[in-house]
Each structure stands twice: as structure tokens, then as C-alpha cells.
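Reviewing the structure listed below.
The values are calculated or read from the model by the stated rules, or taken from the named source; none is laboratory data. In this text the structure is predicted, and so the values were computed from the model without any measurement. No Cβ is skipped: glycine too gets one built from the backbone with ideal geometry, and neighbour counts run over all protein chains shown. We work out accessible area using only protein heavy atoms, side chains counted, and drop any ligands, DNA or RNA first. Shrake-Rupley method; radii C 1.70, N 1.55, O 1.52, S 1.80 Å.
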Amino acid sequence: MNKYPMTVQGARALEEELAHLTKVRRPALSQAIAEARELGDLKENAEYHAAREEQGMVEARVRDIEGRLQNAVIIDVTTIEHTGKVIFGTTVEIANVETDESVTYQIVGEDEADIKQGKISVGSPIARALIGKNEGDVVAVQTPSGLIEYEIVEVRHI
């Protein structure tokens, strides 16, 4: 099986979701199914069918999270020597060379990516262009609107 990089924060978030699903949602759904069974005929019991459907979705999510955690390589960037080089888990401030607009991204695993929180996937075009480069380097990123050059302003290990 393939191993996938994940930050410590990403692994912690998945572990918390898993704990919630197994310790809170599972028992609540079991109780809801038991109560719905008491209502009588299961063929026409909408509450029972809804609870069973939700139980199936919860169990699928539990298996998905367990699989992701099992195949994760958890990387704690704070334990790696800071050299100014962009690596997985670092937070990078880049500036558009033409417009001088700057933006900050953290390079994370695919499951953790959330552009609204400034987290981009290690497989994204911007991250692929940045990985291995150093502060002060200029990188070219192919975007749908054309080639854009960015200067790496700062690399942080957070």
C-alpha cells in the first residue's frame, strides 16, 4: 500500500473525528435503531431506515479514517532543522513577482488541504513548484491563466 504524508495536526484532527464517531455517534445511532425497532413494523418504519442509513455512513467514515491513519507517514516539521528550504509541512510566504501581492500557504497532505485556511496539498501545482526551493528563489507556476512567477519570501517551520 502507498504511504501518504500527513502533518501532526492533520493526524490529530482525524484521530479526534474517529474518537467522536466511535464514542459518541455509534452509541447514539445504536440507541436510535433500538428505539425505532420498538415502534413496530420495520418495513414501513422511516426512523429505523434513516438510522440504519446513517449508521452505514458513520461506519464507512470510520473505516476510511482508520485506513488513512494506517497509511499515513506523520511528519513533524518542528523537529526538522530549519534551513530555509521548502519541504512538506512548512509554511511559505510567496509574492507574485509582477503584482507584488503576497500570500502564505502551508504545504500539507491531500486530506488536510483547505485553501480557505491557507493549506495547500503537496500535490498541487504551486506546492510542487515550491518543494525543494529556498528563501529568495523565484519559481514559475503554470496556472490556467498562464505562467506566474513567485518569489519565496519566507519559509517557516510551525
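General remarks:
- One residue stands out in region 110-148 among those that are open to solvent by less than 50 Å² (accessible area, probe 1.4 Å) and among the hydroxyl-bearing types (Ser, Thr, Tyr): the one that is nearest to Ala13 (Cα to Cα), namely Ser121.
- Flag if Glu112 is assigned to a loop (DSSP other than H, G, I, E, B), of a type outside the set (A, V, I, L, M) and touching a strand residue (DSSP E or B) at 6+ places or on another chain (Cβ under 8 Å): yes
- Glu98 among the charged types (D, E, K, R), under 30 Å from Pro27 (Cα atoms), over 17 Å from the mean Cα position of the chain (by Cα) and outside any strand (DSSP E or B): no
- Selection within region 89-105: residues that are touching an Asp or Glu at 6+ places or on another chain (Cβ under 9 Å) and either of a type in the set (A, V, I, L, M, F, W, C) or touching a residue at least 60 places away in the same chain (Cβ under 8 Å) (or both). The member of this set that is farthest from Glu151 (Cα to Cα) is Gly89.
- Within region 45-82, being free of Cβ contacts under 8 Å to residues at least 24 places away in the same chain and farther than 24 Å from Arg25 by Cα holds for Thr79, Glu81.
- Candidate set from region 3-56 (those that are of a type in the set (S, T, N, Q) and within 23 Å of the chain's Cα centre (by Cα)); member that is surrounded by the most Cβ atoms within 10 Å (Cβ to Cβ): Thr7
- Boolean, Gln106 is polar (S, T, N, Q) and modelled with pLDDT of 95 or more: yes
- Residue match in region 85-93 (condition: among the β-branched types (Val, Ile, Thr), farther than 21 Å from Val8 by Cβ and either touching a strand residue (DSSP E or B) at 6+ places or on another chain (Cβ under 6 Å) or open to solvent by less than 40 Å² (accessible area, probe 1.4 Å) (or both)): no
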